[in-house]
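The values are calculated or read from the model by the stated rules, or taken from the named source; none is laboratory data. Owing to the predicted nature of the structure, the values given are computational and were not obtained by experimental measurement. Cβ coordinates were reconstructed from backbone atoms using ideal geometry, including for glycine residues, and neighbour counts include every protein chain displayed.
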């Protein structure tokens, strides 16, 4: 599946876009507003809506997108107006209750705000909390396949003869063909781990 996804990234067949839109009809993205604040929002998946967007992740439901962004906003004290979750003004409840520092009404400097927003962005983008290998069956009975997850993201895959698996992780790393990190790759690995149990997870 990961190999297929890598090939799809190069070929970009329309059938894959349609499938992704059907399974994950919403996506979360980030952007800078006219005042320089780092903002988050979500939209329906599709070629037109996704064009020129910095996409952080794809989600299955509208509520899932809202919940993910809300969790980040509350965790890092971000303005809900800058997160696509509230219409803010001088009478904003969250500013008056001191749950927000008032970015939307310019009570907070964009530079200071963006320090926290960047942490939130990393959380939205980072699916995995641990570094690990997944060990699966290979292309034949004498082989194992390896999937590497590191720094919160899928990093690549590789193959190794069964007889060499006990040589240690240094050899495992050598076998990995690294790829550019994308939300789609992360989603595939995360989804596979939820739906299957035919793998062995080895923490790094």
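Can you tell me which residues in the range 178-204 are over 14 Å from residue 135 (Cβ atoms) and modelled with pLDDT of 90 or more?
178
This table checks each residue for (1) assigned to a strand (DSSP E or B); (2) at pLDDT below 80; (3) surrounded by 13 or more Cβ atoms within 10 Å (Cβ to Cβ); (4) out of contact with any strand residue (DSSP E or B) (no Cβ under 8 Å at 6 or more places or on another chain).
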{"site": "8", "(1), (2), (3), (4)": "no, yes, yes, yes"}
{"site": "20", "(1), (2), (3), (4)": "no, yes, yes, no"}
{"site": "27", "(1), (2), (3), (4)": "yes, no, yes, no"}
{"site": "30", "(1), (2), (3), (4)": "yes, no, yes, no"}
{"site": "40", "(1), (2), (3), (4)": "yes, no, yes, no"}
{"site": "48", "(1), (2), (3), (4)": "no, no, no, yes"}
{"site": "55", "(1), (2), (3), (4)": "yes, no, yes, no"}
{"site": "71", "(1), (2), (3), (4)": "no, no, yes, yes"}
Just give me the residues in the range 100-157 being in contact with a strand residue (DSSP E or B) (Cβ under 9 Å, 6 or more places away or on another chain) and at positive phi, in sequence order. 156
Any idea how many residues of the range 164-186 are in a helix (DSSP H, G or I) and either free of Cβ contacts under 8 Å to residues at least 40 places away in the same chain or in contact with a strand residue (DSSP E or B) (Cβ under 6 Å, 6 or more places away or on another chain) (or both)? 14
Search result, residues across the range 124-145 that are touching a helix residue (DSSP H, G or I) at 6+ places or on another chain (Cβ under 8 Å) and within 30 Å of residue 28 (Cα to Cα): 124, 125, 127, 128, 133, 134
